[in-house]
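Note sheet for the following structure.
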Amino acid sequence: MNAESPRLVGQRVQRIEDPALLRGEGRFIDDIKLPNTLHAAFVRSPHAHALIRSIDVAAARAMTGIAAVYTATELAKTLVRLRLPMAFPAGKLTEDAMPFVLAPREVCHVGEAVAIVVASSRYLAEDAVDRVVVDYEVLPAVVDPRKAIAADAPRACVATDSNLITRFHVGYGDCAREFALARHVFRETLFQHRGVAHPIEGRGILAYADPGTETLTVWSSTQMAHEVRNNIAEMLALEIDKVRVIAPDVGGGFGAKFLVYPEEIALAAVARLLGRPVKWIEDRREHFVAAIQERDQYWELEVAVDGNGLLRGVRGLLTHDQGAYTPHSITVPYNSASNLPGPYILPAYDLDVIVARTNKPPVIPVRGAGNPQGAFAMERLLDLVAGRIGLDRAEIRNRNLIPADKMPYAVGLINRGGGAVVYDSGDYATCQRKALDAVDYAGFPARQAAAREQGRWIGIGFAHGLKCTGRGPFESATVRVTPSGRVAVYTGALAMGQGLKTALAQICADELGVSVEDIDVTCGDTSHVSLGLGGYGSRQTMIAGSSVQLAAGAVREKALKVAAQMLASEKDLLLANGKVQVAGRPDLAVSLARIAVALRGAAGYSFPEGVDAGLEATFHFRVDSMAYANAFHACEVEVEVETGHVHLLRYIALQDSGKLVNPLIVEGQVHGAVVHGIGNALFEWMGYDENGQPITTTFADYLLPTATELPNIEVITHETPSPLNPLGMKGVGEVGVIPVTATLVSAIESALEPFGVHIQETPITPVRLLELLLQAHAANRAPEGEQR
């Protein structure tokens, strides 16, 4: 390692991805143009639940410019099966958990695809979609997961015996004993409503079967290129080496692209059948009705505490709306249930979880992956207890936090992979103190009193968030020095706007003594790395970064051995500025480029003993344990009681993601996470009527936060390194969203304390807030003896 070269890990290095994007030179799916490309559009169900009696495609096929129209019947002839492969271990759920490529006999949510039209332009394809006549027999739709599990409820899918997908238990300790001995027991019900991921770039696929190489190449805006490749190969009975999947620039994922979709299989199959490139770009309405969603959870909870406000136990029931299919198992409800204890000492926990099928789009993780729901439940309970026993909200949290000297801390839970939940490191009390000092919590009572004298209703709220990050079991990295002297990094990790290439380049640069400008990082191209898992679970910089560090370290050692044969003893050598040089003698040096040329087999040159060909190395960093990142947020708000509008006056986001590779990127990720959480808390409402029809399918109805609604988000970082990887990293991009909804609801409730408003749900829109104000007013005016 070169002591003369400044370390780049930990520095605010400008993102290497940005120049091309700022110049408009990014290459997203729709920027990729191939000659003779055909364009696809899907015939989608207008009904939440119906049987398909027949599909008449004759009029569509007869239109000029239409290349083909396929239904499930036609595609079944070229696919191994019509249902997608299980995306989780066999035996966990039945096969009907997975969606169809095209629905053959029954549709189970609005937007489910029943046919694909391929034409010379998207415009013609859309016109032809309207000419396809589907004879549906409409069936009753199941919308409410609580009603879905009743014995007499209509079936959300006629092929199933019940709408109960599964029921499981999460917990530990002796809840019965703890509740019996508790000084206080309080009850709470909570509801967290469904939302959509909405990356700025929707989904998109371009597929081309090259007859010359007999290779099927698929460009997909995905978070997991290797999984898409594996599924396409399986569904089309191809060797995986004959399928190449490339994720070009990806305009955000947030979980919406964390699975293999039916459209990816359909486009691949159609491209092979027609022998021409075929492209499909998702429009925004399709994203509302055909992309995955998250949430719709109902919680019924009891919390037990002693006389000092110390938690003794939590128990209850969580009912989770899974939608029509379960394409990534029960990840969301399991995460929600297992995250509830958070950073607190909770001696006993007992939660039953019901996962119900309904006639809505499937649920899989959106940013935070179910963990915000668990945090919301616990933080609401703590606010409830504090109010009931007269304890300061900050103090009740401080009394119950796991101390730093108890790390690593075994919670008592089992994660969904079957291992024990163990928090690896963290200092939650210090994080809380630093954030409350930053927001001037001590001075808030005076600010609130002054505001009330002016007729203004301000409040302050705060919450902890905790998330397991760095989900394994591995990620790949190949580091190669080319004969030009540039360094190529290839990984199965997947860049989707989060600055991954910059972070990996920084890690590599430190190992090889080069600048980030001399490093080219390629992510998500299955032709370069045979194994990879992609982007999810706040894992990529941790796992792929560790692989890059170890692979680059192996390249460094190889370069030093070769240079020692050329220059001097290995112990006298160091790397700097793309060269291996003798310490103190910059004139005695050999470039990495020259070493790379030598190691590709130059005539007459013999390799040093123990050195193989090529100045490159591949590493798959292997990890099973999770690194737990944490956050503590505090927010001051003002509520207009006449309109229900909430103004965010100040927002403090403290985050501990272990060792930070690039604080600049971390701050950007925290900003994005907070904005995402603000949307969940105040704006995003994915409504359905009693027939399962979506009633918010445009951004005129489904609201997202914009710049005018946002405060200046002040980011504070605290570094508690993880012992689970070489650099001590933890995940960044998701943990910042975990405490946001709880923080904002707590702040709103604080502002409206004189009115007696109690909030048990998200989102809390202006209309809903006015309803709660009116309900509180009516309850406060009720005669003695009536329900209040």
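The values are calculated or read from the model by the stated rules, or taken from the named source; none is laboratory data. This is a predicted model, so every value here is computed, not measured. Cβ: placed from backbone, ideal geometry, glycine included. Neighbour counts: every protein chain shown. Ligands, DNA and RNA are stripped out before the accessible areas are found, and what is left, the full protein with its side chains, is counted by its heavy atoms. Shrake-Rupley method; radii C 1.70, N 1.55, O 1.52, S 1.80 Å.
With the condition kept exactly as written, say whether any residue in segment 269-280 is over 18 Å from I116 (Cβ atoms), open to solvent by less than 10 Å² (accessible area, probe 1.4 Å) and in contact with a Leu (Cβ under 7 Å, 6 or more places away or on another chain).
no
Pull up segment 27-70, narrow it to residues that are of a type in the set (F, W, Y) and part of a strand (DSSP E or B), then point me to the one that is least open to solvent (accessible area, probe 1.4 Å).
That would be F42.
I'd like the full set of residues that are under 21 Å from V487 (Cβ atoms), without any contact (Cβ under 8 Å) to a residue 60 or more places away in the chain, of a type outside the set (A, V, I, L, M, F, W, C) and not in a loop (DSSP other than H, G, I, E, B), limited to segment 580-609.
Those that are under 21 Å from V487 (Cβ atoms), without any contact (Cβ under 8 Å) to a residue 60 or more places away in the chain, of a type outside the set (A, V, I, L, M, F, W, C) and not in a loop (DSSP other than H, G, I, E, B): Q581, P586, R594.
Quick check on this structure: which one of Y409, Y423 is without any contact (Cβ under 8 Å) to a residue 60 or more places away in the chain and either touching a strand residue (DSSP E or B) at 6+ places or on another chain (Cβ under 7 Å) or hydroxyl-bearing (S, T, Y) (or both)?
Answer to the selection: Y409.
Here is a list: D350, D249. Which entry is among the charged types (D, E, K, R) and touching a Phe, Trp or Tyr at 6+ places or on another chain (Cβ under 6 Å)?
It is D249.
One line per residue, one yes/no per condition, for (1) within 27 Å of G736 (Cα to Cα); (2) under 23 Å from the mean Cα position of the chain (by Cα); (3) open to solvent by 40 Å² or more (accessible area, probe 1.4 Å):
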{"position": "Y441", "(1), (2), (3)": "yes, no, yes"}
{"position": "A446", "(1), (2), (3)": "no, no, yes"}
{"position": "A488", "(1), (2), (3)": "no, no, no"}
{"position": "L500", "(1), (2), (3)": "yes, yes, no"}
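Identify all residues within segment 207-233 that are assigned to a loop (DSSP other than H, G, I, E, B) and under 17 Å from the mean Cα position of the chain (by Cα); write none if there are none.
Listed by number, the residues that qualify are S221, T222, Q223, M224.
Scan D321, D352 and give me the residue that is surrounded by fewer than 24 Cβ atoms within 10 Å (Cβ to Cβ), part of a strand (DSSP E or B) and at negative phi.
D352
Using the structure shown, decide if V134 is part of a strand (DSSP E or B), closer than 15 Å to I281 by Cβ and in contact with a strand residue (DSSP E or B) (Cβ under 9 Å, 6 or more places away or on another chain).
For V134, the condition - part of a strand (DSSP E or B), closer than 15 Å to I281 by Cβ and in contact with a strand residue (DSSP E or B) (Cβ under 9 Å, 6 or more places away or on another chain) - is not met.
Can you name the residue in segment 220-268 that is over 25 Å from V107 (Cα atoms) and charged (D, E, K, R) and is also surrounded by the fewest Cβ atoms within 10 Å (Cβ to Cβ) among such residues?
Only one residue tops the list, namely E239.
Quick one: count up the residues across segment 456-486 that are open to solvent by 50 Å² or more (accessible area, probe 1.4 Å) and either at pLDDT 95 or above or over 35 Å from the mean Cα position of the chain (by Cα) (or both).
Residues meeting the conditions: 6.
Pick out the one residue from E74, E95 that is without any contact (Cβ under 8 Å) to a residue 12 or more places away in the chain and open to solvent by 10 Å² or more (accessible area, probe 1.4 Å).
Going through E74, E95 in turn, the sole match is E74.
I need the full set of residues from segment 294-303 which are at pLDDT 95 or above and crowded, with 24+ Cβ neighbours inside 10 Å, in order please.
Matches in segment 294-303: Q297, W299, V303.
Looking at A747, A751, A778, A742, can you tell me which residue is open to solvent by 50 Å² or more (accessible area, probe 1.4 Å) and small (G, A, S)?
The conditions single out A778.
Got a number for residues in segment 691-714 being modelled with pLDDT of 95 or more, surrounded by fewer than 21 Cβ atoms within 10 Å (Cβ to Cβ) and not in a loop (DSSP other than H, G, I, E, B)?
Qualifying residue count, segment 691-714: 1.
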